[in-house]
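Quick note: the coordinates plus some simple rules give every number you see, no bench work behind them. Remember, it's a predicted structure, so these values are computed and weren't measured experimentally. Counting neighbours? That spans all protein chains shown, and the Cβs are built from the backbone with ideal geometry, glycine included.
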Amino acid sequence: MNKRLIIAAATLATGLAAASPAAAQQWRWNEGNWRTIGTTRVVGRDNVVVQLPGVTRQREIRVCALNAPLRLRDLDVRFANGGRQDLNTRAVLDAGTCTRAIDLRGNRRDVTAVHLRYEPVALRAARPVVRVQVR
């Protein structure tokens, strides 16, 4: 009886230890040098604008899909000086994955908004949460 209890406790501890790093990494605010500057839940099949507060002078940008897959068709980055950069990504993001690091033209651009054109991969109850990260 005591041996079964020890084996069950060891199995449970191993399962929790294996699951914790993946969940912690998925929701991490500052992962490596990446900093999350905007998050939104996408609804339907269209587009969304993520307004970014403050000054975010950065060189690279990436978009991550959380809790559901997403087909990202286009990414339009707006800058404080009125300029914009249109990026055709055409990426399918599985839940918990991100696009590649995309270089922003110029030297340390001030990003004010990101316009995303997307469509969900599967119609289901869970809608993707999109996270915009810069560095």
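Do you know which of the residues in the range 117-133 that are basic (Lys, Arg) and part of a loop (DSSP other than H, G, I, E, B) is surrounded by the fewest Cβ atoms within 10 Å (Cβ to Cβ)?
As a first pass, look at the range 117-133 and keep what is basic (Lys, Arg): 117, 124, 127, 131.
With part of a loop (DSSP other than H, G, I, E, B) added as a condition, the list becomes 124, 127.
On the way: Arg124: 9, Arg127: 15.
Here the answer is Arg124.
Please specify each residue of the range 55-64 satisfying the condition of being closer than 21 Å to Gly32 by Cβ and either in a loop (DSSP other than H, G, I, E, B) or free of Cβ contacts under 8 Å to residues at least 12 places away in the same chain (or both).
Thr56, Arg59
Taking only the range 86-116 into account, find how many residues are surrounded by 13 or more Cβ atoms within 10 Å (Cβ to Cβ), under 15 Å from Ile61 (Cβ atoms) and within 19 Å of the chain's Cα centre (by Cα).
Counting residues in the range 86-116 that are surrounded by 13 or more Cβ atoms within 10 Å (Cβ to Cβ), under 15 Å from Ile61 (Cβ atoms) and within 19 Å of the chain's Cα centre (by Cα) gives 15.
From the set of residues in the range 73-85 that are part of a strand (DSSP E or B) and in contact with an Asp or Glu (Cβ under 9 Å, 6 or more places away or on another chain), which is surrounded by the fewest Cβ atoms within 10 Å (Cβ to Cβ)? Give the steps one after another, and end with the answer.
So in the range 73-85, the residues part of a strand (DSSP E or B) come out as 73-79, 84-85.
When the remaining residues are screened for being in contact with an Asp or Glu (Cβ under 9 Å, 6 or more places away or on another chain), the result is 73-77, 79, 84-85.
Numbers: Arg73: 14, Asp74: 14, Leu75: 23, Asp76: 16, Val77: 23, Phe79: 18, Arg84: 12, Gln85: 17.
Only one residue tops the list, namely Arg84.
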